[in-house]
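Novice: Once you've had a glance at the structure underneath, I'll fire off some questions.
The values are calculated or read from the model by the stated rules, or taken from the named source; none is laboratory data. A quick note: this is a predicted structure, and the numbers were derived from the prediction, not measured. Every residue, glycine among them, receives a Cβ derived from its backbone with ideal geometry; neighbour counts consider all protein chains shown. These area figures cover heavy atoms from the full protein model, side chains too; ligands, DNA and RNA do not enter into them. Shrake-Rupley method; radii C 1.70, N 1.55, O 1.52, S 1.80 Å.
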Amino acid sequence: MRTKTALAIVEWTSLPLLLLAGLLVISGYGLTSEAARSASLGLLTFSRSQAIHLSRVVKLGFVFLLLLHTYAGTGVLAKKVKKSGHQGLAAIMEYSVLAFLLYVGWIALNGEFGG
């Protein structure tokens, strides 16, 4: 992947990823903490928190953006490492992160659609 393309992906996925991560964290606290529900001034009820936190769209959207963002960001970092003369380290980084991301994606898909 070209560095310019990878940087664009990292930039464009950053804000949606932050928003979905925040939504998942806040809804998680809404499920487990009466204090969090009270602090939300009534916006966060248990049932609303449950609906958000268990939403397939929210979870898969978060995972998709996380995988895309991390893959592109690792590509940018690997190019910098290659330029510094460490081609082997860059390759190890790229392949190990790719393997981990494939594993995370596999778990997420099986968690949502598996029997």
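Novice: Which of the residues spanning the range 38-76 are part of a helix (DSSP H, G or I), of a type outside the set (S, T, N, Q) and open to solvent by 70 Å² or more (accessible area, probe 1.4 Å)?
Specialist: Once the filter is applied, which keeps residues that are part of a helix (DSSP H, G or I), of a type outside the set (S, T, N, Q) and open to solvent by 70 Å² or more (accessible area, probe 1.4 Å), the range 38-76 yields ALA39, PHE46, ARG48, ARG56, VAL57, PHE64, TYR71.
Novice: Can LYS79 be described as touching a residue at least 12 places away in the same chain (Cβ under 8 Å), more than 14 Å from the chain's Cα centre (by Cα), open to solvent by 50 Å² or more (accessible area, probe 1.4 Å) and over 20 Å from PRO16 (Cα atoms)?
Specialist: Criteria met by LYS79.
Novice: Is it true that some residue in the range 53-63 is in contact with a Leu (Cβ under 9 Å, 6 or more places away or on another chain), within 22 Å of ASN110 (Cα to Cα) and β-branched (Val, Ile, Thr)?
Specialist: Scanning the range 53-63, I find at least one residue that is in contact with a Leu (Cβ under 9 Å, 6 or more places away or on another chain), within 22 Å of ASN110 (Cα to Cα) and β-branched (Val, Ile, Thr), so the answer is yes.
Novice: Just checking, how many residues over the range 86-110 are over 18 Å from HIS69 (Cβ atoms) and open to solvent by less than 60 Å² (accessible area, probe 1.4 Å)?
Specialist: 3
Novice: Please work out if LEU7 is under 20 Å from GLY105 (Cβ atoms) and within 19 Å of the chain's Cα centre (by Cα).
Specialist: No.
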